[in-house]
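Following: one structure in structure tokens, then a few remarks.
The values are calculated or read from the model by the stated rules, or taken from the named source; none is laboratory data. All figures in this text were calculated on a predicted structure; none of them were measured in a lab. For neighbour counting, all protein chains shown are included, and Cβ atoms are generated from backbone atoms with ideal geometry for every residue, glycine included.
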Amino acid sequence: MTTDLWRGPFGNAYTTRNLSAFASSKRSRFWSKFYKAYPVRSVLEIGCGAGANLRWATAYNVYGMDVNAKAVAVANSIPGVLVVEQSLFDKRLADEFAELVFTCGVLIHIERARLDEAITEMIRLSSKYLLAMEYDWPTEEAIPYHGEDDALWKRPYRQIISERLGTPLGGGFLSARSGFDRVTWSVWAK
């Protein structure tokens, strides 16, 4: 993932395109069920964008990080949410920073050379659960994305993370009806 791509005009356009997800209440049903099944006191979303997921968090401490300043500004407008402008690769946060650490459509934008580093960092930051909500696919496949050839990869994310953390505790598929972009979600205990 070229962070410069997401920091600049490309990332600003992405934020603007996805403000409808921020305004929609469709995701609330999934998150309500998720937090009942996996209660936590602290949450950290990696690549949180405008905060469309963080606004439904029931934890006492809700954090996010994103590399795009426009997205961070929108997300920080959510009461009780603190979002910082930084990359997962900056490694500024303490070990086991949050009970739940998750991504939603972020691992898909990380190039193969840095994917293991990203997963390792997510595991380091979590004290209880790791959640990945990504385009799961049996093999790695690069997909052209808004005019960029090296900006999106489908992969077997569930399998890749399970090799590190074992069998997921739960998971499923989320469609546009649920307010998501056809993602497969899996949650693991750390």
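Some notes on this structure:
- Of everything listed in (1) within 23 Å of F180 (Cβ to Cβ); (2) surrounded by fewer than 22 Cβ atoms within 10 Å (Cβ to Cβ); (3) modelled with pLDDT of 95 or more; (4) in contact with a Ser or Thr (Cβ under 6 Å, 6 or more places away or on another chain), the single unmet condition for A59 is (3).
- Test for R92: is it among the charged types (D, E, K, R) and surrounded by fewer than 19 Cβ atoms within 10 Å (Cβ to Cβ): yes
- Against the list (1) surrounded by 16 or more Cβ atoms within 10 Å (Cβ to Cβ); (2) in a helix (DSSP H, G or I); (3) hydrophobic (A, V, I, L, M, F, W, C), the condition A73 fails is (1).
- Test: residue in region 10-19 that is modelled with pLDDT of 95 or more and under 15 Å from the mean Cα position of the chain (by Cα): no
- Pair list, Cβ < 6 Å and 6+ apart or interchain, from region 150-166 residues that are touching a residue at least 12 places away in the same chain (Cβ under 8 Å) to residues that are of a type in the set (D, E) and part of a strand (DSSP E or B): K154/E141; Y157/E134; Y157/D136; R158/D136
- Candidates are the residues of region 105-121 that are aliphatic (A, V, I, L, M) and surrounded by fewer than 19 Cβ atoms within 10 Å (Cβ to Cβ); the one that is modelled with the highest pLDDT is L115.
- Being assigned to a loop (DSSP other than H, G, I, E, B) and in contact with a Ser or Thr (Cβ under 9 Å, 6 or more places away or on another chain) holds for only one residue in A151, A94, A132, A118, and it is A151.
- Among the residues of region 175-190, those identified as polar (S, T, N, Q) and in contact with a Phe, Trp or Tyr (Cβ under 9 Å, 6 or more places away or on another chain) are S178, T184, S186.
- Unmet requirement for S20, which otherwise passes all of (1) surrounded by fewer than 18 Cβ atoms within 10 Å (Cβ to Cβ); (2) touching a residue at least 24 places away in the same chain (Cβ under 8 Å); (3) closer than 20 Å to M133 by Cα: (2)
- Scope region 26-47; condition in contact (Cβ under 8 Å) with a residue 40 or more places away in the chain and assigned to a loop (DSSP other than H, G, I, E, B); matching residues: K26, R27, Y38, V40, R41, G47
- Boolean, V67 is under 20 Å from M122 (Cβ atoms) and in contact with a Ser or Thr (Cβ under 6 Å, 6 or more places away or on another chain): yes
- Residue in region 102-110 that is more than 12 Å from the chain's Cα centre (by Cα), under 19 Å from F10 (Cα atoms) and not in a loop (DSSP other than H, G, I, E, B) present: no
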